[in-house]
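Have a look at the structure below before the remarks.
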Amino acid sequence: MSPELLTALSFFVLALLVGFEVISKIPATLHTPMMSGANSIHGVVLVGAILIASTAGENITLLVLAFFAAAFAAMNVVGGYVVTDRMLGMFKARPKGADAKGGK
């Protein structure tokens, strides 16, 4: 195993452990707002996928990985904004009177 691979795996395992500890300390009432914001920040992952695709050249494996990374990152970004929009919609004032019920 090369030293570079061992270093990358060490960082990955440490990131998993730190991420698990941070997420497990979040109360349930704050989990959805925090995750929707985190999902929208995943635009960084989308940029990384684009950079991988630009350096892949003729390597089909890298191109496939870049495609899936870009697709999942784009879904995550859109999902983050959709959830955030739904949460913010819960705080909007509701119309009063008969207009709110679609009545006369």
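The values are calculated or read from the model by the stated rules, or taken from the named source; none is laboratory data. Remember, it's a predicted structure, so these values are computed and weren't measured experimentally. Cβ sites come from the backbone with ideal geometry, for glycine too, and all protein chains shown count toward neighbours.
May I ask you to list the residues in the range 2-25 that are farther than 24 Å from A38 by Cβ and β-branched (V, I, T)?
First pass over the range 2-25, keeping only residues farther than 24 Å from A38 by Cβ: 2-7.
The one that is farther than 24 Å from A38 by Cβ and β-branched (V, I, T): T7.
Of the conditions (1) surrounded by 14 or more Cβ atoms within 10 Å (Cβ to Cβ); (2) among the aliphatic types (A, V, I, L, M); (3) free of Cβ contacts under 8 Å to residues at least 12 places away in the same chain; (4) within 25 Å of Y81 (Cα to Cα), L62 fails just one. Which one is it?
Condition (4) is where L62 drops out.
Please find, among A28, A38, A71, the residue that is out of contact with any helix residue (DSSP H, G or I) (no Cβ under 8 Å at 6 or more places or on another chain), hydrophobic (A, V, I, L, M, F, W, C), loosely packed, with under 14 Cβ neighbours inside 10 Å and modelled with pLDDT under 85. Give the steps one after another, and end with the answer.
Values: A38 fails: out of contact with any helix residue (DSSP H, G or I) (no Cβ under 8 Å at 6 or more places or on another chain); A71 fails: modelled with pLDDT under 85.
Result of the check over A28, A38, A71: A28.
Does T7 meet the test of being surrounded by 10 or more Cβ atoms within 10 Å (Cβ to Cβ) and modelled with pLDDT under 80?
Details: surrounded by 10 or more Cβ atoms within 10 Å (Cβ to Cβ): yes; modelled with pLDDT under 80: no.
No, not satisfied.
Can you list residue pairs whose Cβ atoms sit under 7 Å apart, with the first residue in the range 10-38 being outside any helix (DSSP H, G or I) and the second being surrounded by 10 or more Cβ atoms within 10 Å (Cβ to Cβ) and not polar (S, T, N, Q)? Count only pairs 6 or more apart in sequence or on different chains.
Partner pairs satisfying both residue conditions: I26/M34.
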